[in-house]
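To start, the structure under review is shown below, and the notes come after it.
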Amino acid sequence: MASKFLNLSNTNRAITETEFPVSRIHKLVAETEESFVKGTQKYDFEEIIRADIGVAQDPDHGPITFARQMMALACLPALRSDPMFPSDVKSRVEQLLNDCPGRGLGSYVATYGIEGIRKHVAEFIERRDGHPSNYENIYLCSGSDYILRHIIQAFAVVSNGKPSGVLTPIPGPPQYSWTITQHRMKPVSYNLKYDDNGWSIDVDELKRTLDESRKFCCPRVILINNPGNPAGQILTKQNIEDIIKFAYNEKLFIIADEVYQNNIYSDEKEFVSFKKVLCDLGSPYDGMQMASVMSTSKGYLGECGARGGYFELLNVDAEERYVLYKLLSSNTCPNVAGQIYVESLVNPPRKGDPSYELFINERNKIMSLHKSKIELITENLKGIKGISSIKPEGAPYIFAQMEVPPKAVKEAERQSICPSEMYTTKLLRSTGICVSPGLIFGQIPGRYFFRMSALLPKSKLRSVVARIQEFHESFLLKYK
């Protein structure tokens with residue numbers, strides 16, 4: 001019998017010893033879908049509804065035409081003479097291809113990304129924030145997860161026998177802790193403040209967490225998710241100022257994950273970037289080092305599979321930038337298709353361009369649909385006894401808290417799983433509705449949540465919430 005050259009005893013421990021609940025949940029969903037399709041197990045539902053995934057391009061609307069036209073012309077040169085494509089799209093693609101070696105989408109491009117697109121990113125940031133942006137500090141990359149992985153990796157050192165630490169929000173995106181642990185660093189979890197006014201970041205909690213973490217690591221980075229996933233909070237300018245001053249006093253590098261900046265659903269709040277607040281504060285804060293991250297997967301564009309994104313570095317010297325350059329060089333160049341979507345995001349049609357009216361109409365329709373779906377879900381969840389949720393201000397998710405009776409908590413403990421995971425597993429197998437357990441994002445001790453995407457077809461939302469209500473009532477009755 002041939003020897004197994006890859007087994008758990010000789011596999012990278014940074015992977016095998018890292019718990020990543022998302023993988024376990026996805027495996028469960030895949031197994032349920034397979035048994036449902038093949039009919040190997042009987043279920044009391046007619047379809048599986050993936051309410052756990054935030055896929056922005058749902059059946060209620062298609063992609064942004066302008067962005068897809070840009071991609072089509074870049075991919076297939078023969079289409080450039082087709083009269084169905086507007087003249088502004090043709091001229092933009094022509095300029096893009098001039099920046100590509102060999103004038104082709106299949107070319108390797110610079111490690112930093114296509115220079116013309118980087119310049120347009122810098123112009124976009126200047127328009128947004130009212131402060132200068134140097135394109136040489138802009139890096140185009142294959143999605144925000146890729147970006148975070150490479151920036152965090154640069155801090156992976158051991159000082160005085162202790163690994164580096166990264167402050168991460170709870171609840172927050174699960175890939176944060178996974179990425180940090182993979183590089184033998186320590187995730188330092190700080191709890192978001194949760195009350196009737198919604199979710200926010202409490203600087204006293206940051207200080208408490210930081211001081212405690214110094215016993216087992218050297219904290220060097222603070223990760224901020226704004227607007228927040230999964231809780232949907234938009235930080236106020238004052239809150240951001242307090243965080244920046246805290247990071248300055250504690251000598252922490254700020255990574256601002258701002259990928260949901262175009263997902264704003266509150267009439268009372270607006271997105272303000274960390275860079276703008278930092279620059280507005282003036283000396284000494286405007287000299288702080290920071291990275292801000294943006295993606296093409298979110299907002300109205302929603303090109304998740306294209307894997308496009310960028311980050312801007314602030315106040316990082318050339319020698320340190322070269323370290324990041326070396327890390328990025330290991331992948332030769334960023335995804336060129338993703339870069340074209342970055343171009344569509346930061347340099348959309350302007351008023352007077354042939355593509356402008358259609359672009360504005362599509363963008364407004366998409367954002368209006370997102371907002372109406374969130375309102376529909378949150379309004380209907382209010383009628384369910386034992387489930388409470390705060391309407392998200394940004395990011396297209398509802399992070400709902402559910403009542404889990406002590407008897408159910410004890411059953412979950414016997415199964416060695418989190419009560420929120422037991423709850424969502426039973427929901428899936430009873431109704432075919434898949435939502436994400438709060439376990440994935442981190443939960444306030446003693447409280448249990450699930451995350452539901454608002455980006456489902458509107459025609460299904462009422463029935464989905466109704467089935468969740470029916471399940472929850474029977475769940476409470478069972479474990480009364």
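Here the simple spin-label model places points 7 Å from the Cα toward Cβ, and for Ser416 and Glu375 these points are separated by 4.8 nm. Karplus-based coupling profile of the range 307-312, in residue order and whole Hz: 6, x, x, 8, 9, 10, with θ = phi - 60° in 6.51 cos²θ - 1.76 cosθ + 1.60 and x standing for Gly or Pro. Protein heavy-atom accessible surface, 1.4 Å probe, per residue over the chain: 45 Å².
A simple spin-label model places the labels of Glu34 and Asp286 5.8 nm from each other, with each point 7 Å out along Cα-to-Cβ. Basic side chains Lys and Arg get +1 at the Cβ, acidic Asp and Glu get -1 at the Cβ, and with that the dipole of the chain about its Cα centre reaches some 1140 debye. Its Cα centre serving as origin, the range 70-215 has a Cβ charge dipole (Lys and Arg +1, Asp and Glu -1) of approximately 520 debye.
Where both bridge residues fall in the chain, DSSP classifies roughly 55% of the beta bridges as antiparallel. With Cα atoms defining each centre, the range 424-454 and the range 309-343 are spaced 35 Å apart in the structure. Across the range 383-394, coupling constants 3J(HN,Hα) worked out from phi with the 6.51/-1.76/1.60 Karplus curve, θ = phi - 60°, read x, 9, 5, x, 10, 9, 8, 9, 4, x, 8, x Hz, and Gly and Pro carry x.
When each of the peptides 4-17, 138-151 is scored by how many other beta carbons lie within 10 Å of its residues on average, the order from highest to lowest is 138-151, 4-17. Protection proxy ranking, highest mean first, for peptides 293-299, 281-287, 83-89: 293-299, 83-89, 281-287, where packing is the per-residue count of other beta-carbon atoms within 10 Å, averaged. The trypsin sites (Lys or Arg not before Pro) found in the range 39-133 that occupy coil by DSSP, while having at most 11 further C-beta atoms within 10 Å, are Lys42.
3J(HN,Hα) along the range 459-467: 5, 9, 5, 4, 5, 4, 5, 4, 6 Hz, from the Karplus curve 6.51 cos²θ - 1.76 cosθ + 1.60 with θ = phi - 60°, whole Hz, x for Gly and Pro. Return the carbon/sulfur percentage of the accessible area of the chain, one whole number, probe 1.4 Å, all protein chains in place. Summing carbon and sulfur atoms, their accessible area is 50 percent of the total for the chain.
Packing, as the average of other Cβ atoms within 10 Å across residues, places the peptides 267-279, 417-429 in the order 417-429, 267-279, highest first.
Computed from label points 7 Å out along Cα-Cβ, the spacing between Tyr43 and Arg24 is 2.1 nm. Compared with the direct C-alpha span, the chain from Glu126 to Met84 gains 11.8 nm at full extension, assuming 0.36 nm per residue. Note on the chain: dipole from Cβ charges, positive end direction compared against Ile360, Ile244, His61; the farthest Cα belongs to His61.
The values are calculated or read from the model by the stated rules, or taken from the named source; none is laboratory data. These figures come from a predicted structure and were not determined experimentally. Note: ideal-geometry Cβ built from the backbone for every residue, glycine included; neighbour counts use all protein chains shown. Heads up: the accessible areas ignore ligands, DNA and RNA and are worked out on the full protein's heavy atoms, side chains in. Shrake-Rupley method; radii C 1.70, N 1.55, O 1.52, S 1.80 Å.
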